[in-house]
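The values are calculated or read from the model by the stated rules, or taken from the named source; none is laboratory data. All figures in this text were calculated on a predicted structure; none of them were measured in a lab. Every residue, glycine among them, receives a Cβ derived from its backbone with ideal geometry; neighbour counts consider all protein chains shown.
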Amino acid sequence: MTSDAASRHCGDCTLCCKVMAIEALAKPANSWCSHCDPKRGCAIYQAHPGECRAFRCLWLVNELLDEQWKPAKAKFVLTTSDDGIEVRCDPGLPDAWRREPYHAEIREWAVSGEEHDVTVVVITTGGRIILVTRERDFDLGTVGPDERIVRELEGTRVINATVVKATEPDRK
Ligand code: SF4
Ligand code: SF4
């Protein structure tokens, strides 16, 4: 999407133009933007929406993530939310995150995240959510806009995860 980050550049990568939803264009997640030429980039670069201009994937801004994490190579886009880290899969290769070294490193983020109430989720085909934790990956299916993920904790360790209606109160 962008090419003017401080020290890194999108170069040949255009994956966010596929995996991200763009509200201003009514473009759903996981389908190519009609303005994207996967080889040449954005065809309306001078006039692309503000949300495209503002977007920076985590690889672009975090130099601790080396070249193998570049979305064009990894086949997923890393983003952040209020809750933590999101791994947004290319629907053409939805299991790319399970390959090494990715899976082990993503698990490490989940382990250290548990100490700080930071979650790591994989968003894959059809909006399916997988919560990665210290011991296992919880496949939670599709989480609707009126739903939320509830983690059951033992100390800081996640021992279960479920999806409930957003209006449902926490269990005591
Ligand atoms: S996914 Fe990241 S590196 Fe790739 S085009 Fe988008 S912002 Fe640039
Ligand atoms: S408008 Fe341009 S930058 Fe935005 S999603 Fe489409 S191709 Fe990508």
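Things worth noting here:
- Tabulated pairs, the range 48-75, first in contact (Cβ under 8 Å) with a residue 60 or more places away in the chain and farther than 20 Å from residue 26 by Cα, second surrounded by fewer than 17 Cβ atoms within 10 Å (Cβ to Cβ) and hydrophobic (A, V, I, L, M, F, W, C), C-beta under 6 angstrom, 6+ apart or interchain: 75/93
- Residues of the range 55-73 classified as under 17 Å from residue 120 (Cα atoms), more than 14 Å from ligand 2 (Cβ to nearest atom) and surrounded by 17 or more Cβ atoms within 10 Å (Cβ to Cβ), total: 4
- Every residue from the range 32-42 that is of a type in the set (Gly, Ala, Ser) and modelled with pLDDT of 95 or more: 34
- The single condition among (1) under 17 Å from the mean Cα position of the chain (by Cα); (2) surrounded by 14 or more Cβ atoms within 10 Å (Cβ to Cβ); (3) within 16 Å of ligand 2 (Cβ to nearest atom) that residue 28 does not meet is (2).
Residue by residue, here is whether (1) near ligand 1 (Cβ under 9 Å from one of its atoms); (2) under 10 Å from the mean Cα position of the chain (by Cα); (3) assigned by TED's automatic domain parsing to the domain that holds residue 20 holds:
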residue	(1), (2), (3)
63	no, no, no
66	no, no, no
70	yes, no, no
81	no, yes, no
89	no, yes, no
92	no, no, no
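- Residue pairs meeting the criteria (Cβ under 6 Å; at least 6 apart or on separate chains; first among the aromatic types (Phe, Trp, Tyr), in the range 86-110; second not in a helix (DSSP H, G or I)): 97/76; 97/87; 97/122; 109/85; 109/120
Yes or no, residue by residue, for (1) part of a strand (DSSP E or B); (2) not charged (D, E, K, R):
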site	(1), (2)
64	no, yes
77	yes, yes
82	no, no
92	no, yes
108	no, no
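- Qualifying residue in the range 6-25 (condition: part of a loop (DSSP other than H, G, I, E, B), in contact with a Gly (Cβ under 9 Å, 6 or more places away or on another chain), surrounded by fewer than 18 Cβ atoms within 10 Å (Cβ to Cβ) and at pLDDT below 95): yes
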